[in-house]
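This report concerns only the one structure given below.
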Amino acid sequence: MDSSTIAAVATPEGTGGIGVIRVSGPDAITAVAAVFRRAPFGQKPSDSDTDASGGFKSWRMYLGHIFDPVSGTLIDEVILAVMRAPYSYTREDVVEIQAHGGSRVLEKILNLLISYGIRPAQPGEFTRRAFINGRVDLTQAEAVADLINARSDASLDMAVSQMTGQLSNVVSSIRQSLVSVLGSLEAAIDFPEAAGDEMDDAGQGLRLSIEVLQQINQLREAYESGRFLRQGVQAVIIGRPNVGKSSLMNCLLNQQRAIVTEIAGTTRDCIEAFLTTRGVSMVVADTAGLRRDPDPIERLGIEKTQEYMASADIVLHVLDVSLPLDDEDVAIYEQLMDKPVVIVINKTDLAGHEKVLHLSPAMEEAPCMAVSALHGTGIDELKQRIADMVFSSVASAGHGFIPNWRQKCLLDQAAEAVSKVIAGLENQRLPELVSIDLHEAISAIDEITGKYVETDVLDEIFSRYCVGK
């Protein structure tokens, strides 16, 4: 491992009240002390503020100035937060310099530290050191990035649960069961005569099915059903021209995001906007109206609509209550049979109370919401319905955390290997052959937590982090 001391600005770019520079490594305290003058200036610090060596005490904050020792120029008044190893984020000596948040000020302080031999940190290097030094495992380290990037309460809660080790605990339990079965297999390999009567192939296979494969499959299902809590929900508004799709989008967002006119086919391209409801982050897309024989420009918009429909998590199929259901409405819905759909009956302000839109038998099976995008009637209920669909899917997964794509792929590998082990035990294959698949399952599980992981995998994971994290 690289043992050099690193530093980086840990706060976002731009101007702010406070900017933080984080320094970590064996020379962190020494280097910062060389450019820091404690207040009150020119006075010897009291014994209560220093440790036995006369240096900074851990978990103390110190007021003073950063200055250039060569020119004697004062750069900024700052507060130092000192954390000595191993009681720090990286389990190394860490100093955080809380300066004023001007970009030029932070740049000058960082360059001053670099002149004292401190190296600029790479993206995610602080968290990578926390992982390498055993403060967190890889699932917890990945959750840090999810926490930073969380755009909703739901994704924030999920990141916190994973960062506190809930996924690690489940994966560790799975690994323990795998290792226990492996121990029995290896005993049968090394001492076949002694282990022959004790090795219960059927019992071990049942144990793997219940304690391992069932838990792995629950985690895999959690990814499939709840990935949009991490990534956000893609909600697409579709329907025939002039049914009020753009008006619905504007009403959902409570702003004039899409152009609305009485002319059919106004929307020629897909328009996206972000919306958060009940802690769920959504990307809402208004699309071109679907109809037969469009003009050439409108046809391009319809092709884009088809692409959005294919990738949608939830589809809002808008109908006009003032018009009878026709073949085009039914044809549009038939393209959505494999998607979660909410039928939105719009323009209820135009219809009389006795007016009822007769849906096709297939459409009657989907949830149906009556709204007026013009007056906002029913919009809150529609948002509630969308959020309920998201949370019901997550609840079915049975976990408060969702594996990411890397973890899900490794769970797929582990599930395949465990299935081979169970089949091998049921068919009484040689223990030597069964143990190969069992080792493969353990290897996949270990890569999830980072117990064993290739350097290039770590490089790829931490490259997505900001420099100061």
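The values are calculated or read from the model by the stated rules, or taken from the named source; none is laboratory data. None of the values given here were measured: they were computed from a predicted structure. Cβ atoms come from the backbone with ideal geometry, glycine included; neighbour counts cover every protein chain shown.
Evaluated against (1) crowded, with 19+ Cβ neighbours inside 10 Å; (2) at pLDDT 90 or above, F56 falls short on exactly one condition, (2).
Can you report the number of residues in region 399-434 which are over 13 Å from L219 (Cα atoms) and basic (K, R)? The total comes to 2.
Do we find that R429 is in the same structural domain as A154 (by TED's automatic domain parsing), farther than 24 Å from F126 by Cα and among the basic types (K, R) in this structure? So R429 fits the description; yes.
Residue under question is K420, and the condition is that it be over 20 Å from S177 (Cα atoms) and of a type outside the set (A, V, I, L, M); does it hold? No.
When D153, D157, D93 are checked against the criterion of being within 28 Å of A415 (Cβ to Cβ) and in contact (Cβ under 8 Å) with a residue 60 or more places away in the chain, a single residue qualifies: D157. Take S155 and decide whether it is part of a helix (DSSP H, G or I) and surrounded by fewer than 18 Cβ atoms within 10 Å (Cβ to Cβ). No; evaluated as a whole, the condition is false for this residue.
Can you tell me which residue within region 14-53, out of those that are in a loop (DSSP other than H, G, I, E, B) and within 37 Å of the chain's Cα centre (by Cα), is modelled with the lowest pLDDT? Reasoning before the result, please.
Kept after step one, since they are in a loop (DSSP other than H, G, I, E, B), are these residues of region 14-53: 14-15, 25-27, 35, 39-46, 51-53.
If we keep only those that are within 37 Å of the chain's Cα centre (by Cα) too, we end up with 14-15, 25-27.
Numbers: G14: 81, T15: 84, G25: 96, P26: 95, D27: 94.
Result: G14.
Of the set (1) outside the structural domain of R207 (by TED's automatic domain parsing); (2) crowded, with 16+ Cβ neighbours inside 10 Å; (3) modelled with pLDDT of 85 or more, all apply to E364 but (2).
Of the residues making up region 90-117, just one is on the phi > 0 side of the Ramachandran plot and either of a type in the set (K, R) or in contact with a His (Cβ under 9 Å, 6 or more places away or on another chain) (or both), namely R91.
Conditions (1) touching a helix residue (DSSP H, G or I) at 6+ places or on another chain (Cβ under 8 Å); (2) closer than 22 Å to V9 by Cβ; (3) part of a helix (DSSP H, G or I); (4) of a type in the set (S, T, Y), marked per residue:
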site	(1), (2), (3), (4)
H65	no, yes, no, no
V70	no, no, no, no
I79	no, yes, no, no
Y87	no, no, no, yes
T90	yes, yes, no, yes
E96	no, yes, no, no
L113	yes, yes, yes, no
G134	no, no, no, no
V144	yes, yes, yes, no
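As a summary of the residue check, A441 satisfies the conditions (1) outside any loop (DSSP other than H, G, I, E, B); (2) among the hydrophobic types (A, V, I, L, M, F, W, C); (3) in contact with a Phe, Trp or Tyr (Cβ under 8 Å, 6 or more places away or on another chain) except for the one numbered (3). Checking each residue in region 113-143 for being aliphatic (A, V, I, L, M) and either within 29 Å of the chain's Cα centre (by Cα) or surrounded by fewer than 21 Cβ atoms within 10 Å (Cβ to Cβ) (or both) picks out I114, A121, A130, I132, V136, L138, A141, A143. Annotation: N242 fulfils all but one of (1) within 25 Å of the chain's Cα centre (by Cα); (2) modelled with pLDDT of 80 or more; the unmet one is (1).
Please state which one of E334, E307 is farther than 17 Å from K383 by Cβ, acidic (D, E) and modelled with pLDDT of 85 or more.
Going through E334, E307 in turn, just one is farther than 17 Å from K383 by Cβ, acidic (D, E) and modelled with pLDDT of 85 or more: E334.
Elements of the type helices (runs of 4 or more DSSP H) sitting completely within region 159-232 and holding at least 2 residues that are within 33 Å of the chain's Cα centre (by Cα), more than 30 Å from T277 (Cβ to Cβ) and at pLDDT 85 or above: these cover 166-190, 214-231. Within region 429-446, residues that are more than 11 Å from E186 (Cα to Cα) reach partners that are surrounded by fewer than 15 Cβ atoms within 10 Å (Cβ to Cβ) with beta carbons closer than 7 Å, at six or more positions or on different chains, in the pairs I442/V179; S443/Y452; D446/Y452. Residues in region 337-358 that are of a type in the set (A, V, I, L, M) and modelled with pLDDT of 85 or more: V341, V342, I343, V344, I345.
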